[in-house]
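> This structure is in structure tokens; I'll ask about it shortly.
Each value in this text was obtained by applying a stated rule to the coordinates, not by laboratory testing. It should be emphasised that the depicted structure is a prediction, and the values quoted were computed from it without experimental measurement. Note that we place each Cβ from the backbone using ideal geometry, even for glycine, and neighbour counts take in every protein chain shown.
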Amino acid sequence: MPKKSKITSKKNDKKKDQEANAPEVKKDKGEKEKPSAPSGGKKRCILIVEDERPLAHALELKFAHEGFEPHIALDGEQAIDLMKKHKSVAILLDLIMPNMDGFTFLEELKKKKSKIPVVILTNLGQSEDEQRAMDLGAKGYFVKSNTPIFDIVKHVKTIL
């Protein structure tokens, strides 16, 4: 009969010790646990509303790598449809898009009293546009050409 290797046995013992010493996560009534990384739990959905397909795809890949479940809409109308199908924890929103632009989308969210945080990703750098978006409830405003995707991910994680 073959012997168990000491390496396998040590790995199993170490894993058991880690599980036993893992911090306990306490939740209040009604509070939901929020996994922040791919840990085997249910992934949090993020809605990316962006008509520039290469950027939308890059954001999709980065957020998926960070443990989110990204969904892409190419305009505000598609975003509203996707919101009915998926409960998103955050929305990344372009302002200039066909069919329904980002400002109109923000106005719709405000009418519905949505609590989902919205982060603006746009090429509009004027302070008036930023102020309008913030007045409509945006939780962040980034000019695409000046902002690395890493900074966007970092900001989204801080507002969640």
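> Let me spell out the model: positive unit charges on the Cβ of Lys and Arg, negative unit charges on the Cβ of Asp and Glu, origin at the Cα centre of region 73-154. What dipole size does that give, in debye rounded to 20?
560 debye
> Follow-up question, since we're still on this one. Specify the inter-centroid distance of region 93-160 and region 46-72, based on alpha-carbon positions, in whole Å.
15 Å
> Follow-up question, since we're still on this one. Rg over Rh of region 43-159, using C-alpha atoms and the Kirkwood radius, what does it come to?
Ratio of gyration radius to Kirkwood radius: 0.91.
> Quick one: if you take sqrt(5λ) for each eigenvalue of the C-alpha gyration tensor of region 49-107, what semi-axes come out, biggest first, whole angstrom? Could you put the intermediate results ahead of the total?
On the way: eigenvalues 69, 37, 15 Å².
They are 19, 14, 9 Å, listed largest first.
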